[in-house]
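These notes are about the structure you will find just below.
The values are calculated or read from the model by the stated rules, or taken from the named source; none is laboratory data. If you're wondering where the values come from, they're calculated on a predicted model, not measured in any experiment. Backbone-built Cβ (ideal geometry, glycine too); neighbour counts: all protein chains shown.
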Amino acid sequence: MSQELTFKEVAAHNSKKDLYLIIHDKVYNVSSFVDEHPGGEEVLLDVGGQDATEAFEDVGHSDEAREILEGLKAGTLKRVDGDPAPKTAATDKISAGPGGKSDSGAGFGIGLYAVILVGGLAAYLAYSFMQSKDK
Ligand code: HEM
């Protein structure tokens with residue numbers, strides 16, 4: 001059974017006895033898990049009724065944690081106009097980051113070498129021109 005819940009409906013479940021979380025646009029009923037969470041109940045209550053994708057992924061939860069999560073699934077999130085944008089995990093950004101960064105880094109490196117090479121060549125030519133003029 002998978003029901004669709006809107007952001008507003010999920011937001012109503014924000015107490016310890018009735019706690020829903022949104023992770024990757026899925027809705028989880030974590031009420032029964034709050035007391036067992038190795039990371040403590042505080043962090044779960046903090047994101048109760050909200051999009052906890054970023055918080056969940058930032059911790060780098062294990063596969064076991066993800067299995068527990070599957071068992072708590074209450075439904076899927078139905079986004080309507082005016083809802084906050086989906087939260088992407090910081091880890092997603094990191095995994096996309098280094099590739100792009102090192103690419104542009106290499107481009108900059110080659111550009112820098114070119115500047116040094118051309119500059120050095122110009123300096124050398126100017127120097128030998130001066131020398132030949134002195135003679
Ligand atoms: C329903 C969602 C969640 C489940 C099923 C869950 C499950 C778990 C599990 C099984 C662990 C033990 C380590 C591991 O297996 O990775 C853990 C640790 C932890 N969790 Fe969660 N977690 C959930 C949500 C969150 C959220 C939203 C936060 C927010 C910050 C959080 C913060 C932490 C922290 C800080 C630890 C590390 C505790 C330590 O190692 O001392 N968790 N969680």
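Some notes on this structure:
- Residues that are small (Gly, Ala, Ser), within 10 Å of the ligand (Cβ to nearest atom) and closer than 18 Å to Lys8 by Cβ, drawn from region 48-81: Gly48, Ala52
- Comparison of Asp81, Asp92 shows that the only residue that is surrounded by 12 or more Cβ atoms within 10 Å (Cβ to Cβ), at pLDDT below 95 and out of contact with any Pro (no Cβ under 9 Å at 6 or more places or on another chain) is Asp92.
- If the condition is being among the aliphatic types (A, V, I, L, M) and assigned to a helix (DSSP H, G or I), then region 10-55 contributes Val10, Ala11, Val34, Val43, Leu44, Leu45, Ala55.
- Test: residue in region 56-65 that is modelled with pLDDT of 95 or more, loosely packed, with under 11 Cβ neighbours inside 10 Å and in a helix (DSSP H, G or I): yes
- Any hit, region 26-47, residues being surrounded by 12 or more Cβ atoms within 10 Å (Cβ to Cβ) and more than 12 Å from the ligand (Cβ to nearest atom): no
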